[in-house]
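S.K.: Sharing a structure, written as structure tokens. Questions coming.
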Amino acid sequence: MRDIIIAGGGTAGLSAAIYGVRAGKTVLILEEKFYGGQIVNSPEIVNYPGIAKISGYEFAKNLYDQAMALGAEYKQARVVQIRDGEDGGKQVVARTSGGEETIYEARAVILATGAKNRPLGLDREQEMVGAGVSYCATCDGMFFREKEVAVAGGGNTALEDALFLSNYCSKVYLIHRRDQFRGEDRLAEALRQKENVEFVMDSEVTELHGDGMLSGISVRQVKTGETREIPVSGLFVAIGQMPDNEDFQDVVSIDGKGYIEAGEDCKTETPGIYTAGDCRTKEVRQLATAAADGAVAALAACEYIG
Ligand code: NAP
């Protein structure tokens with residue numbers, strides 16, 4: 001029996017772990033993939049208070065090392081179910097990538113599952129992941145050195161990805177469904193200065209082409225309805241994230257968009273279950289607010305445990 005089990009080893013989960021162990025509690029983090037969450041894919045963080053500039057990977061590693069040095073425990077497995085345990089505690093069922101299930105027990109649980117990449121929803125999109133379709137420019141960009149690629153999206157991630165890829169790829173098409181970017185002007189301006197970047201505005205990707213490997217995409221101009229084919233060997237999808245909380249719908253309330261309902265106190269409707277970071281209903285999803293949620297949720301859990 002641990003005091004606190006945290007589902008998710010991203011910024012919110014690792015911050016919660018730090019606060020939990022610092023309060024003298026035993027804390028187990030269960031993370032499906034690699035620690036760090038979404039931020040590991042960010043090449044540069046310049047808006048985290050107190051740190052002028054750091055890479056996402058270094059930030060995540062520092063957070064993980066800090067949590068481990070303070071005494072948190074970490075296991076790689078996905079939390080697939082939470083149910084009532086003995087003496088008011090919770091049973092947490094976790095499954096490894098190999099399909100092995102283990103039941104853990106805790107007095108309180110913090111759900112910090114973050115969000116996963118939103119797919120475009122195109123035919124063959126999932127089967128072409130690794131064959132030209134990618135959701136992470138910093139992870140896969142190197143495979144497309146000197147090749148032509150496209151980025152779909154208009155937020156900061158898409159703009160940053162396009163900028164990153166423009167340093168390696170011969171040509172980058174940035175495809176956005178509106179005529180204005182959602183991302184910051186400074187990034188759009190930096191892209192305008194790049195000779196090998198072409199903006200394809202008011203447009204959406206409608207089809208993937210290629211036998212085995214991606215060889216091109218169809219792009220429809222939404223105002224004219226005209227469709228053109230663009231030959232690319234890579235398509236980087238950067239159209240935001242979506243939560244991944246279906247496994248918890250029996251134990252907490254989930255809103256229409258899939259986020260776990262809780263206020264700034266990070267308390268769900270279920271005593272003993274807290275939620276932190278991007279998986280929670282909230283207005284601002286930033287690194288700083290994820291870390292803040294982690295602290296709030298952990299201290300609430302500590303108070304609950306007594
Ligand atoms: P985002 O800001 O939600 O932007 C998603 C983009 O994808 C939007 O331009 C949206 O179009 C487009 N989109 C959504 N669904 C689509 C669909 N089905 N088909 C085509 N396009 C679609 O997501 P994000 O860029 O991943 O950023 C998430 C958060 O992280 C933001 O708050 C962002 O500022 C932050 N972030 C910050 C940094 C940084 O500070 N360095 C870096 C990366 C991300 P519309 O504009 O038409 O809605």
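S.K.: Kindly check whether there is at least one residue in region 198-206 that is open to solvent by 10 Å² or more (accessible area, probe 1.4 Å), away from the ligand (no atom under 14 Å from the Cβ), at pLDDT 95 or above and in a helix (DSSP H, G or I).
M.R.: No, the conditions are met nowhere in region 198-206.
S.K.: Separate question: Is it the case that some residue within region 253-271 is closer than 22 Å to G56 by Cα, crowded, with 16+ Cβ neighbours inside 10 Å, modelled with pLDDT of 95 or more and charged (D, E, K, R)? Give the derivation first.
M.R.: Let us first name the residues in region 253-271 that are closer than 22 Å to G56 by Cα, namely none.
No: zero hits.
S.K.: Right, next: Here are I103, I82: which of them is open to solvent by less than 20 Å² (accessible area, probe 1.4 Å) and either modelled with pLDDT of 95 or more or farther than 30 Å from D211 by Cα (or both)?
M.R.: On the way: I103 fails: open to solvent by less than 20 Å² (accessible area, probe 1.4 Å).
Selected residue: I82, the only one of I103, I82 that is open to solvent by less than 20 Å² (accessible area, probe 1.4 Å) and either modelled with pLDDT of 95 or more or farther than 30 Å from D211 by Cα (or both).
S.K.: Residue check: is L191 within 11 Å of the ligand (Cβ to nearest atom) and within 19 Å of S42 (Cα to Cα)? Step through it out loud before you land on a result.
M.R.: On the way: within 11 Å of the ligand (Cβ to nearest atom): no; within 19 Å of S42 (Cα to Cα): yes.
No.
S.K.: What residue, of Y168, Y173, is in contact (Cβ under 8 Å) with a residue 12 or more places away in the chain, aromatic (F, W, Y) and not in a loop (DSSP other than H, G, I, E, B)? Break it down into steps so the answer makes sense when it comes.
M.R.: On the way: Y168 fails: not in a loop (DSSP other than H, G, I, E, B).
So the residue among Y168, Y173 that is in contact (Cβ under 8 Å) with a residue 12 or more places away in the chain, aromatic (F, W, Y) and not in a loop (DSSP other than H, G, I, E, B) is Y173.
S.K.: Let me ask another. Is region 58-70 home to any residue that is under 22 Å from N117 (Cβ atoms), touching a helix residue (DSSP H, G or I) at 6+ places or on another chain (Cβ under 9 Å) and within 15 Å of the ligand (Cβ to nearest atom)?
M.R.: Among the residues of region 58-70, at least one is under 22 Å from N117 (Cβ atoms), touching a helix residue (DSSP H, G or I) at 6+ places or on another chain (Cβ under 9 Å) and within 15 Å of the ligand (Cβ to nearest atom), which makes the answer yes.
S.K.: Of all residues in region 239-249 being more than 11 Å from the chain's Cα centre (by Cα) and in contact (Cβ under 8 Å) with a residue 24 or more places away in the chain, which is surrounded by the fewest Cβ atoms within 10 Å (Cβ to Cβ)?
M.R.: Initially, region 239-249 is screened for residues more than 11 Å from the chain's Cα centre (by Cα), giving 239, 245-249.
Right, trim to in contact (Cβ under 8 Å) with a residue 24 or more places away in the chain and you get 239, 245, 247-248.
On the way: I239: 22, N245: 20, D247: 17, F248: 24.
Restricting to residues being more than 11 Å from the chain's Cα centre (by Cα) and in contact (Cβ under 8 Å) with a residue 24 or more places away in the chain, the top hit is D247.
S.K.: Mind listing whichever residues of region 22-50 are aliphatic (A, V, I, L, M) and either open to solvent by 20 Å² or more (accessible area, probe 1.4 Å) or closer than 24 Å to F248 by Cβ (or both)?
M.R.: Filtering region 22-50 down to residues aliphatic (A, V, I, L, M) leaves 23, 27-30, 39-40, 45-46.
Once the filter is applied, which keeps residues that are aliphatic (A, V, I, L, M) and either open to solvent by 20 Å² or more (accessible area, probe 1.4 Å) or closer than 24 Å to F248 by Cβ (or both), region 22-50 yields A23, V27, L28, I29, L30, I39, V40, V46.
S.K.: To continue, here is another question. Go through (1) closer than 11 Å to L235 by Cβ; (2) within 14 Å of the ligand (Cβ to nearest atom); (3) not small (G, A, S) one by one and return the number of the condition L174 breaks.
M.R.: Of (1) closer than 11 Å to L235 by Cβ; (2) within 14 Å of the ligand (Cβ to nearest atom); (3) not small (G, A, S), only one is false for L174: (1).
S.K.: Can I ask one more? Only one of (1) polar (S, T, N, Q); (2) at pLDDT below 95; (3) open to solvent by less than 70 Å² (accessible area, probe 1.4 Å) fails for T96. Which number is that?
M.R.: Only one criterion in (1) polar (S, T, N, Q); (2) at pLDDT below 95; (3) open to solvent by less than 70 Å² (accessible area, probe 1.4 Å) is unmet by T96, namely (2).
S.K.: Quick check on region 151-163. Is at least one of its residues over 28 Å from K33 (Cα atoms), touching a residue at least 40 places away in the same chain (Cβ under 8 Å) and within 16 Å of the ligand (Cβ to nearest atom)? It would help to see each step written out before you state the result.
M.R.: First pass over region 151-163, keeping only residues over 28 Å from K33 (Cα atoms): none.
No, region 151-163 has no match at all.
The values are calculated or read from the model by the stated rules, or taken from the named source; none is laboratory data. All figures in this text were calculated on a predicted structure; none of them were measured in a lab. Positions of Cβ are generated from backbone atoms using ideal geometry, with glycine treated the same way; all protein chains shown enter the neighbour counts. Just so you know, the surface numbers come from the protein's heavy atoms only, side chains and all, with ligands and any DNA or RNA stripped out. Shrake-Rupley method; radii C 1.70, N 1.55, O 1.52, S 1.80 Å.
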